[in-house]
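The values are calculated or read from the model by the stated rules, or taken from the named source; none is laboratory data. Note that this is a predicted model, so its numbers are computed, not measured. We place every Cβ from the backbone using ideal geometry, glycine too, and count neighbours over all the protein chains shown. Calculation scope for accessible area: heavy atoms of the full protein, side chains included, ligands and nucleic acids excluded. Shrake-Rupley method; radii C 1.70, N 1.55, O 1.52, S 1.80 Å.
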Amino acid sequence: MRIKQLLLSLIFSLALTLAGAQSKYTLSGYVRDAATGEELIGVTVYVPELKAGVVSNVYGFYSITLIEGEYEMNYSYIGYATHNLKVSLLKDININIELTVQAETMKEIVVIGEAQDMNVTSLNISTERVDIAQLKKMPSLFGEPDLIKAVQMMPGVITAGEGTSAYFVRGGSADQNLVLIDEAPIYDPSHLFGYISVFNADVVKDSKLYKGGIPAMYGGRLSSILDVRTIDGNRKEFAGHAGIGTIASKVMLEGPIKKDVSSFLVSGRRSYADMFLRMAGNDNTVFFYDVNAKVNWNIGEKDKVFLAGYFGRDAFGMADFFSFDWGNMTGTLRWNHIFSNKLFSNTTLITSQFDYGLGIDNEAVVFDWTSFINEHTLKQQFTWFVTPGVELDFGYNGTYRIFRPGKITVEDTTSLFTGIELQKLYALDHAIYVSNKHTLSDKFSMEYGVRLSIFQQIGPSTVYKYADPNDNVNITITGSDEYADRERIVTYYNWEPRLSARYIIDQISSVKFSYNRMAQNVHLISSGTVPLPFNTWYPSSKYLKPQLADQVALGYFRNMEDNMYEGSFEAYYKRMFNVTDFADNADIFFNEHLATEFRQGDAWSYGLEGQIKKTKGDFTGFVNYTWSKTERLIPDVNQGNVFYSNYDRRHSINVLGAYRLNEKWSFSTTFNYSSGRPITLPTGQYQVQHYTPSYISERNGYKLPDYHRMDASAVLTPGKNNDRHIQTSWVFSVYNLYNRKNAFTIYSNDQEIDDVNTGKKEFVMIYLFPIVPSITFNMHF
């Protein structure tokens, strides 16, 4: 009887809902830049009389469902004039909006890319957006704007020091950050061994770093997602940009293929240190290049297709006897389809590869060493704009990965080396997810969802059995299992719940909370703090479990002085399980039995983050402060005792100040301070058969000196040549203004006195950059 009553009640409720839905209609469309036709991300579409609204998604699409009637619609985006539109909503309507850059904002420096009050009203917590306009004015090493260096200045983000693109988010290691460009993963986001990132600032449209409160559509890493989107190309007119810098030159061209329908973008950048070396009669090689390309078509009112690619490479060589090169390649084919005014679809095919090669030709030692990781992904994402207060995201991701840990090829029969290849490894990574953005009242909103990740290591493969998988000295093989092509070896299932909540206290302040669980099934094989280009990746397997992390965060957000100042304060706690480490004195170089070197355990991190940002006026900038603590407990590591991670920095302060003097001159300066990071030092050696490992001190028991540095830049913009529509600018930059000698690392040598080995160790500090001035010339047309 109760079941019958319940069914009748549900049918009656559904009937009421459908009856009410008959008088509701949907307004939808794209929001674009009027000058370029570029879709705008995060535009607020607001209905003042209802005090309700929506935000355009990452593809510029918006949809809002209202009761039939007349409404005054406001389309607002900082840096653009607000567009007001009166709409008679008597049926479903599709309206594409073009916003015009607000003329008066050109006289001051503003943060472009968010709606006003967005830091207070949005559900985003532990999320940072890089201001690309500000990035181009920031001082930088060699004068090349660097998106990763901007990320390293954000609260909750720790850097290993200068000269590296590695960063660590809320106690996570560098390999626990997923870096995406147009939805494709980048495994090594650096050039020149980390001095410069792979992102050309001229083509970056939007960049967002998720440190916590990560939406269910993202997965695959424990600590952060850096989602970088490139511009689509000007649909209105041909335009371009060129720059000549101290270390590299670049050019970018964009324009319509068919006006307002399709466009293209192509950008190239190359360093030229090798050219100067050749001019000086030096045969050594050191250079990098990268290329970004994109085309897009509006097939019709409901279909858009994009094809994007990134190709980047570094090369380093010493005459004819040593060569080393590495690089990333990505491809993204994306189809956006509007099934209805309420249902938006994004289908993406992605391919990504990172590889490196090392060659030595030095008399008796001749070989070529190659390694790569390659993946192919299908993503299907749906967004259902149910009501103004309910927005549902759901979809599927499927990835096929191939891992080649290493292959040595020897063609010279006189070489002391012989050819060897570690077996390739294969994996399938699936995920399904659903997430709901739910506005419960004017003050309280939530985003909740879940992601199910299903990981499979598959054949072909030979999996060895060991008497003791944790004995990496006396390895005893008791047998092996053979797996055929695509045969399942091991499967891991992980549920990843996500929750974010926001409560608006008043018009200028709010509190936010988030919880998320993340799972990671790929592992970086590296014993150092900073990932190097010749590190390799390894899948979860019989001997290597997926890494897991639970994180909670609580934040207070406040705007002041009519949005001139933005403030935020967050506290977080993260607990990580199965974090990957290696046994003391691990041998990870071309080790066929690498499984015996893995050690997995727990880690935890907690901290406080504060930020004050000035977003309006001639003087803008921010002050960020982070206090954090990160520890690990790994069996068989550090004698089973708790130890600090080697990226544990107790205090970090980052300051940016930018001042616009007049129409021609603007200035900016940055200051970075952080506590010294822990390192592990060897204290001696001992002999085990033919192996000579070192006595290791307490894991990360030493600390480097504190790090601090100041940079400065000045930008001169002479004015536009109206006849040729050319805008030029000069960027004068000084890196490490007061010539601070910051220790990058310490290494140990055998101490010698009068050419006699004392049997003791001595330690030597490594410093990287003194004061480095640079000049860059830019031209826009």
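So the values come out like this:
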{"read-out": "Meets criteria (closer than 21 Å to Ser190 by Cα, polar (S, T, N, Q) and in a strand (DSSP E or B)) for Ser323", "value": "yes"}
{"read-out": "Residue that is at pLDDT 90 or above, in contact with a Lys or Arg (Cβ under 9 Å, 6 or more places away or on another chain), surrounded by 21 or more Cβ atoms within 10 Å (Cβ to Cβ) and closer than 24 Å to Ala743 by Cβ, where the choices are Val151, Val157", "value": "Val157"}
{"read-out": "Residues of region 611-621 classified as over 14 Å from Met153 (Cβ atoms) and out of contact with any Ser or Thr (no Cβ under 6 Å at 6 or more places or on another chain), total", "value": "6"}
{"read-out": "Residues of region 584-642 satisfying the condition of being closer than 18 Å to Val552 by Cα and hydroxyl-bearing (Ser, Thr, Tyr)", "value": "Ser605, Tyr606, Thr626, Ser628, Thr630"}
{"read-out": "Of the criteria (1) buried (at least 19 other Cβ atoms within 10 Å of the Cβ); (2) assigned to a strand (DSSP E or B); (3) in contact with an Asp or Glu (Cβ under 6 Å, 6 or more places away or on another chain), which one Arg575 fails", "value": "(1)"}
{"read-out": "Those residues of region 259-273 which are surrounded by fewer than 22 Cβ atoms within 10 Å (Cβ to Cβ) and among the basic types (Lys, Arg), in sequence order", "value": "Lys259, Arg270"}
{"read-out": "Candidates Ile299, Ile408, filtered to the one that is without any contact (Cβ under 8 Å) to a residue 12 or more places away in the chain and either surrounded by 16 or more Cβ atoms within 10 Å (Cβ to Cβ) or of a type in the set (A, V, I, L, M, F, W, C) (or both)", "value": "Ile299"}
{"read-out": "Strands (runs of 3 or more DSSP E) contained in region 36-145 and holding at least 1 residues modelled with pLDDT of 85 or more and among the small types (Gly, Ala, Ser)", "value": "61-67, 69-76, 83-89"}
{"read-out": "Residue list for region 206-244, filter: among the aromatic types (Phe, Trp, Tyr) and farther than 25 Å from Trp537 by Cα", "value": "Phe238"}
{"read-out": "Flag for Gly29 being at pLDDT below 90 and open to solvent by less than 50 Å² (accessible area, probe 1.4 Å)", "value": "no"}
{"read-out": "Top-ranked residue in region 370-402 [being at pLDDT below 95, surrounded by 19 or more Cβ atoms within 10 Å (Cβ to Cβ) and closer than 26 Å to Ala427 by Cβ; ranked as nearest to the chain's Cα centre (by Cα)]", "value": "Ile373"}
{"read-out": "Single residue of region 221-258 satisfying the filter (open to solvent by 20 Å² or more (accessible area, probe 1.4 Å) and acidic (Asp, Glu)) that is farthest from Ser126 (Cα to Cα)", "value": "Glu237"}
{"read-out": "Failed item, numbered, when Ser76 is tested on (1) of a type in the set (Ser, Thr, Tyr); (2) free of Cβ contacts under 8 Å to residues at least 40 places away in the same chain; (3) surrounded by fewer than 20 Cβ atoms within 10 Å (Cβ to Cβ)", "value": "(2)"}
{"read-out": "Top-ranked residue of region 467-498 - restricted to ones that are open to solvent by less than 60 Å² (accessible area, probe 1.4 Å) and in contact (Cβ under 8 Å) with a residue 60 or more places away in the chain, ranked as nearest to Gly220 (Cα to Cα)", "value": "Glu496"}
{"read-out": "Region 628-661 - residue that is free of Cβ contacts under 8 Å to residues at least 24 places away in the same chain and open to solvent by less than 70 Å² (accessible area, probe 1.4 Å) and, of those, nearest to Leu608 (Cα to Cα)", "value": "Val642"}
{"read-out": "Arg313 modelled with pLDDT under 95, of a type in the set (Lys, Arg) and assigned to a strand (DSSP E or B)", "value": "yes"}
{"read-out": "Test for Ile181: is it under 21 Å from Phe372 (Cβ atoms), out of contact with any Asp or Glu (no Cβ under 8 Å at 6 or more places or on another chain) and of a type in the set (Val, Ile, Thr)", "value": "yes"}
